[in-house]
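Rule-based calculations on the coordinates, nothing more; no lab input. If you're wondering where the values come from, they're calculated on a predicted model, not measured in any experiment. Cβ placement follows ideal geometry from the backbone for every residue including glycine, while neighbour counts extend to all protein chains displayed.
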Amino acid sequence: MEKHTYQKNTAVNRVYKSRIFEMVFSDKKELLSLYNAANGTKYDDPEMLEVNTLENAIYLSMHNDISFVIDSRLTLYEHQSTYSPNLPLRYLMYISDLYSSMTRDENLYGPRKVLLPTPKFVIFYNGIEEQPDVQELRLSNVFQVPDDKPSLELRAVMLNINPGHNPQLLDNCKTLRDYSEYTARVRRYAENVSLSDAVEQAITECIKEGILSEFLSKNRTEAKKVSIYEYDEEKVMRMMREAAREDGWEEGLQKGREEGIKEGIEQKLKGLICKKLAKGKTLEEIAEILEEPLERIQTLAKELAEAEEKVK
């Protein structure tokens, strides 16, 4: 297949932070090892990988972790510490942007077939909520009207990479196993000490024990900062879910109280926005932490400002 030239999205307006997963597997050698482990292949030349990760997608708060082409196959990887049924929809947005970039110089109205690399969507999950080793997420699951034969479908495979899950996959890719162990230690230590101390302890131990040792030694300061950010984000999302359950929103949804739930969620979001603004976070950072579109966060922040002005 003819090699594509991709339109590069510069990082000038990039408002999200890299994740440890992205940092580790941005190395082509490590990425190829992960690809081989996940697909049972034996490619040995990292330069075969043509990385085309989107650095700015439709929403500034939304980006894909890693995407690349190898042997006419387009693979998109996502790392998730929180389960979301909306991942196939997000993948649809990513793949649309990628295919648009690939075909921008092609004649889509002509008689010649425009060939595309075959896509595959994979999610690496390491959250605390129990999930099976392997499960398939489908775009059609979020359609308002069920359809036995949907005209549009996208299937993504979610792999649980927590310790004790998918042992063959982790055994076949040491770096993925090391990443799994490192994040598990941070989470475990944070139950008893401050987050900063937990990350520092995990990094020190892992370097000593040969777990992601080269990466952590070279990137210690940045890895610590990113790990703290990731864990804090994960904690916020977990608290929102717990609050939803405590307030009976899930039961309300089952009873059809959509409007009440919508209002409750917006009030909860506004409360979180206020807290984050008080800590000096920008709206872009808040959108990223809460995994909400920037436009929605801006609208809610404006409503908060208007309400405050009325009180004055």
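With R₀ fixed at 41 Å, the C-beta to C-beta distance from Lys281 to Glu129 puts the FRET efficiency at about 0.95. Taking a ≥ b ≥ c as the square roots of the eigenvalues of the Cα gyration tensor of region 149-199, is the shape rounded (a/c under 1.5), prolate (a/b larger than b/c) or oblate? It is oblate, given that a/c is not under 1.5 and a/b is not larger than b/c. Ordering of 70-80, 208-218 by packing is 70-80, 208-218, highest average first (other Cβ atoms within 10 Å, averaged per residue).
If you sort the three axes of the alpha carbon gyration tensor as a ≥ b ≥ c, you get a/c of 1.5 or more for region 149-240 and a/b no higher than b/c, which makes it oblate. Give me log10 I(q)/I(0) at q = 0.22 Å⁻¹ for region 63-110, Debye formula, one equal scatterer per alpha-carbon, no solvent. Summing over Cα pairs of region 63-110 leads to -0.88. Between Leu116 and Glu295, residue separation times 0.36 nm minus the direct Cα-Cα distance comes to 61.3 nm.
Placing a pseudo-label 7 Å from each Cα along the Cα-to-Cβ vector at Asp44 and Arg188 gives an inter-label distance of 3.6 nm.
Of Lys120/Lys149; Lys218/Lys281; Lys29/Lys120; Lys120/Lys268, which ones are farther than 30 Å apart at the Cα? Beyond 30 Å between Cα atoms: Lys120/Lys268. Here the label points at Lys28 and Thr221, each 7 Å from Cα along the C-beta direction, are separated by 2.9 nm in the simple model.
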